[in-house]
Ligand code: UDP
Ligand code: MG
């Protein structure tokens, strides 16, 4: 399908801290993803726990929630053709060590936890995640 989609992107604390916001945004816009909404926020650990609820049974859950709430983040709605998959491709693999050349995580990720960006993994989850940050 080539439909216009929306997806949620987050620039995580490690990348905000290193002043990478504009570099990461330019990767999206150069690849025909339009930033429809954009805000810099600092969420609580409880909010992070709610956002990452799908991972609550994983051993890294507590650390993950502590990390996402450890500093400012930038949350964005990206829109474009096949936005969900396109964003995932631009991000690269979860562990920067395994990410393809020129992906955001390969360029900027520090480690599997400090991997610079989040992106929705399906259209259904994109809708939920956009609602979580922008529609309540
Ligand atoms: N994560 C981690 N340790 C792991 C796996 C994942 O700290 O062993 C973190 C990592 O920051 C990742 C997030 O948990 O981005 C969510 O994991 P997921 O498998 O959904 O990866 P993603 O969709 O972000 O690529
Ligand atoms: Mg995921």
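The numbers here are math on the coordinates, done by the rules we state, and not lab data. Values in this document were obtained by computation on a predicted structure and should not be read as measured data. Every residue, glycine as well, gets a Cβ built from its backbone with ideal geometry; the counts of neighbours run over all protein chains shown.
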GNM top mover of 117, 74, 54 - the chain, alpha-carbon springs below 10 Å | 54
Cα shape, the range 34-110, gyration tensor, a/c 1.5 rule = oblate
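Would you please give the FRET efficiency between residue 37 and residue 100, computed as 1/(1 + (r/R0)^6) with r the Cβ-Cβ distance and R0 = 22 Å, to the nearest 0.05? Don't skip to the answer; put the middle values down first.
Working: r = 28 Å, r/R0 = 1.26.
Result of the calculation: an efficiency of 0.20.
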Between residue 26 and residue 132, how many nm apart are label points set 7 Å from Cα along the C-beta direction?
-> 3.0 nm
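Length gain on complete extension for the stretch residue 54 to residue 81, per 0.36 nm per residue less the alpha carbon to alpha carbon distance?
On the way: separation 27, 0.36 × 27 = 9.72 nm, distance 2.62 nm.
Additional length available on full extension: 7.1 nm.
Return a whole-number percent for the relative contact order of the chain, with Cα pairs under 8 Å and 6 or more residues apart as the contact set.
On the way: 240 pairs, mean separation 50.5, N = 136.
Once divided by the residue count of the chain, the mean separation gives 37 percent.
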Let me have the 222 nm mean residue ellipticity of the chain computed from DSSP H runs of 4+ only, each contributing -39500 (n - 2.57), with the sum over all residues rounded to the nearest 500.
-> -11000 deg cm²/dmol
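Once the piece of chain linking residue 125 and residue 111 is laid out straight, how much longer is it, given 0.36 nm per residue of separation minus the C-alpha distance between them? Before the final figure, lay out the partial values.
Details: separation 14, 0.36 × 14 = 5.04 nm, distance 2.42 nm.
Between residue 125 and residue 111, full extension yields an extra 2.6 nm.
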If you take the Cα atoms of the range 65-136, find Rg, then find the Kirkwood Rh from the mean of 1/r over all pairs, what is Rg/Rh?
-> 0.97
Considering the chain, what Rg and Dmax in Å follow from its alpha-carbon atoms?
-> 13.8, 38
If one builds a Gaussian network model of the chain from Cα atoms under 10 Å apart, the most fluctuating residue listed among 55, 42, 118 is 55
